[in-house]
Amino acid sequence: MILPIIFPALERNARSHWNQAVHGLTLNVRKVFNDVDPDLSKECLQKFEEDESKKSEVIAGREATWKRLEELAAKKAASGEAVLIGKAPTRNSAG
């Protein structure tokens, strides 16, 4: 029950925690969970990697959007046009 909840924090600590003691303890805890239920550990790792991949895609999309906005603003500023920025529509907006 607890592994799916704490797995992302364990995995992030195992990959990149700056404190060696925390890093070592994290690896020990992860090994215990893996020894108890290897299938669940593998499933949690796959879900973690999928979630991380989705985060990368969202970040890349956000950066591309900002780049387009900056280019549009620079183009309009160079031509002397006013640059109006309104509230961006959200995905969950109806209509």
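Of note, Ala82 satisfies the criterion of being at pLDDT below 90, open to solvent by less than 90 Å² (accessible area, probe 1.4 Å) and of a type in the set (A, V, I, L, M).
With Lys47, Lys42, Lys54, Lys67 as the choices, which residue is touching a residue at least 12 places away in the same chain (Cβ under 8 Å), within 27 Å of the chain's Cα centre (by Cα) and open to solvent by 70 Å² or more (accessible area, probe 1.4 Å)? Can you show your working first?
Working: Lys42 fails: touching a residue at least 12 places away in the same chain (Cβ under 8 Å); Lys54 fails: touching a residue at least 12 places away in the same chain (Cβ under 8 Å); Lys67 fails: touching a residue at least 12 places away in the same chain (Cβ under 8 Å).
One residue alone meets the criteria, Lys47.
Scanning segment 1-28 for residues that are without any contact (Cβ under 8 Å) to a residue 40 or more places away in the chain and open to solvent by 60 Å² or more (accessible area, probe 1.4 Å) returns Met1, Ile2, Ile5, Arg12, Arg15, Ser16, Trp18, Gln20, Ala21, Leu25, Leu27, Asn28.
Only one of Phe7, Phe33 is touching a Cys at 6+ places or on another chain (Cβ under 6 Å) and modelled with pLDDT of 85 or more. Can you tell me which? Result of the check over Phe7, Phe33: Phe7.
The values are calculated or read from the model by the stated rules, or taken from the named source; none is laboratory data. All of these numbers come straight from a predicted model, not from anything done at the bench. Cβ sites come from the backbone with ideal geometry, for glycine too, and all protein chains shown count toward neighbours. Side chains included, ligands, DNA and RNA excluded: accessible areas come from the protein's heavy atoms. Shrake-Rupley method; radii C 1.70, N 1.55, O 1.52, S 1.80 Å.
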